[in-house]
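Peer 1: One structure follows; several queries about it will come next.
The values are calculated or read from the model by the stated rules, or taken from the named source; none is laboratory data. All of these numbers come straight from a predicted model, not from anything done at the bench. With ideal geometry, Cβ positions are generated from the backbone for all residues, glycine too; neighbour counts draw on all protein chains shown. Please note that ligands, DNA and RNA were not included when accessible areas were found on the heavy atoms of the full protein model with its side chains. Shrake-Rupley method; radii C 1.70, N 1.55, O 1.52, S 1.80 Å.
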Amino acid sequence: MNMVVKPQRLQNIPPYLFHEINKKKQALEEQGVQVIDLGIGCPDLPTPKHIVERLKSEMDDPNNFKYPGYSGCEELREAVAHFYKERFDVNLDVAGEIVALIGSKEGIGHFISAVIDPGDIVLVPDPGYPVYRAATYLADGVPYSMPLLKKNGFLPDFSSLPADVVHKAKLMFLNYPGNPTAAIADEHFFREAVVFAKQNGIIIAHDAAYQMVTFDGYKAPSILQVEGAKEVAVEFGSLSKTYNMTGWRLGYATGNKEALALLSIVKSNMDTSQFLPIQKAGATALLSDQRCVAEYNLIYQERQAAMIAALQDIGINTEAPKGSFFIWAPVPSGYTSGEFASKVLEEAGVIVTPGTAFGEYGEGYFRISLSVPTNKLLEAAYRMKTKLAVCR
């Protein structure tokens, strides 16, 4: 007799897509196919040396092997405050407006359960990062899709949301520069979002994981730059994409004190923060002159230009985004997103992510990650051109 029954709150959560894609990748590799993975957004460039060296030096201090403070070590929180002041001219209270995270993914998941009750509606961008929806289900909340449409610049239209949904909504996610769309938002949009949230008693969670990955002189704003944003907003930052520290698992949440206090209650009962040497290395990253970020962004921009040109050569036209290291491209006519992604994998040995992995409004698109060298990107495009007649 099976004593383990899948709980109801897990019924709506499918297997994590990238885990499923990885299984298909392994199967093809076992058949001798050299798969080029343009699916998951895991940077291939190394963590800058000065950050690694700080980690190494801290490993020699036995005091760093103790439990860290639940909100993160003071050095990291002070570094976050310094970073926000220097980059955004935003003042943060180190004691109450900054919480260290074991990666922003962890923080987002815990934040939802910290601020909603069962049955509360959470407004999630569609297409959007799948964790918003999955973590809402895990907290017994109800996700409601905010369509991100090309005609609106992949920004949500707050006026189109049904009044009864808005009335029941407790939390809203925003994400700019966006994943998967690579869309950007300006301060005007953030002001609209803050006004909407205040009028309707909704907390904003802005996922700013790609805030520093920008091109062509574009500088992504912080939602906390908007007057009054701290009354309703929390912003999640990540060192993963900015400094190529995905495996280090380090991020932070900033903004509304009351919301962060609730997050701290959940976290203090579920974890004991990140390993101290990693936090201190993260402080070094945030306090450095950021030249390493600019250098890496140039590499991503070069890759982006090469891949967009290659896609255009095979009949897939898309614009160059100003943020993130993703390309959000239209699927060739005659195919759904899923059909196209499967065909590209099976016939060309290239992994791209179908737009529907990020929600129903992702249909008609696929996502390419620029986290592989340029020669691999061009090889992937060449395979698509030679193997798939649909692209010519």
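Peer 1: Taking θ = phi - 60°, what integer Hz values does the Karplus form 6.51 cos²θ - 1.76 cosθ + 1.60 yield along segment 21-32, in sequence order, with x for Gly and Pro?
Peer 2: With the stated coefficients, segment 21-32 comes to 4, 5, 5, 5, 4, 4, 5, 5, 5, 5, 8, x Hz.
Peer 1: What fraction of the DSSP beta bridges in the chain is antiparallel, stated in percent and rounded to the nearest 5?
Peer 2: 45
Peer 1: Right, something else. Less than 18 Å from a label point 7 Å out along the Cα-to-Cβ axis of R9: which backbone N atoms in segment 149-184 qualify, by residue?
Peer 2: Hits in segment 149-184 for R9 at 18 Å: 170-172.
Peer 1: To continue, here is another question. Hey, any idea what % of segment 49-287's accessible area is carbon plus sulfur with a 1.4 Å probe? Please list the in-between numbers first.
Peer 2: Values: 4820 of 9290 Å².
Solvent-exposed carbon and sulfur of segment 49-287 make up 52 percent of the total.
Peer 1: How far apart, in nm, are two points set 7 Å out from the Cα along the Cα-to-Cβ line at E86 and at N269?
Peer 2: 3.8
Peer 1: Quick check on segment 40-94: take the gyration tensor over C-alpha atoms, sort the square-rooted eigenvalues as a ≥ b ≥ c, and tell me if it's rounded (a/c under 1.5), prolate or oblate.
Peer 2: Taking the square roots of the gyration eigenvalues as a ≥ b ≥ c, segment 40-94 is oblate.
Peer 1: Still on this structure, please answer the following. What percent does the relative contact order of the chain come to when contacts are Cα pairs within less than 8 Å and at least six residues apart?
Peer 2: 23
Peer 1: At 0.36 nm per residue, minus the direct Cα-Cα distance, what do D216 and D164 gain on full extension? Give it in nm, one decimal, please.
Peer 2: On the way: separation 52, 0.36 × 52 = 18.72 nm, distance 4.14 nm.
Computed gain between D216 and D164 is 14.6 nm.
Peer 1: Please give me the summed charge of the neighbours of S57: other residues whose Cβ is under 14 Å from its Cβ, Lys and Arg +1, Asp and Glu -1.
Peer 2: Around S57, the surrounding residues sum to -1.
Peer 1: Any idea of the accessible area per residue across the chain, 1.4 Å probe, to the nearest Å²? Numbers along the way, then the final one.
Peer 2: Details: 17230 Å² over 392 residues.
Here the per-residue accessible area is 44 Å².
Peer 1: A further question follows. Just grab the label-to-label distance for K387 and V33, each label 7 Å out from Cα along the Cβ direction, in nm (one decimal).
Peer 2: Reported label-point gap for K387 and V33 is 0.6 nm.
Peer 1: Going by a ≥ b ≥ c, the root eigenvalues of the Cα gyration tensor, does segment 32-142 fall in the rounded group (a/c under 1.5), the prolate group (a/b larger than b/c) or the oblate group?
Peer 2: On the way: a/c = 1.84, a/b = 1.17, b/c = 1.57.
Oblate, since a/c reaches 1.5 and b/c is not below a/b.
Peer 1: Show which lysines lie in cross-link reach of K150 when reach means a straight Cα distance below 24 angstrom and same-chain residues fewer than eight apart are skipped.
Peer 2: Answer for K150, where 24 Å is the Cα cut-off: K219, K322, listed by chain and number.
Peer 1: So which residue, out of A261, A182, A233, gets the largest mean-square fluctuation from a GNM of the chain using Cα contacts under 10 Å as springs?
Peer 2: Maximum fluctuation in the GNM of the chain, among the listed residues, is at A261.
Peer 1: For segment 302-368 and segment 48-118, what is the separation of their C-alpha centers, rounded to whole Å?
Peer 2: Between the Cα centre of segment 302-368 and that of segment 48-118, the gap is 34 Å.
Peer 1: Here's a follow-up. Let me have the 222 nm mean residue ellipticity of the chain computed from DSSP H runs of 4+ only, each contributing -39500 (n - 2.57), with the sum over all residues rounded to the nearest 500.
Peer 2: -12500 deg cm²/dmol
Peer 1: Taking R0 as 56 Å, what FRET efficiency do you get between A261 and N375 from their Cβ-Cβ distance, rounded to the nearest 0.05?
Peer 2: Step by step, r from the Cβ atoms, then E = 0.70.
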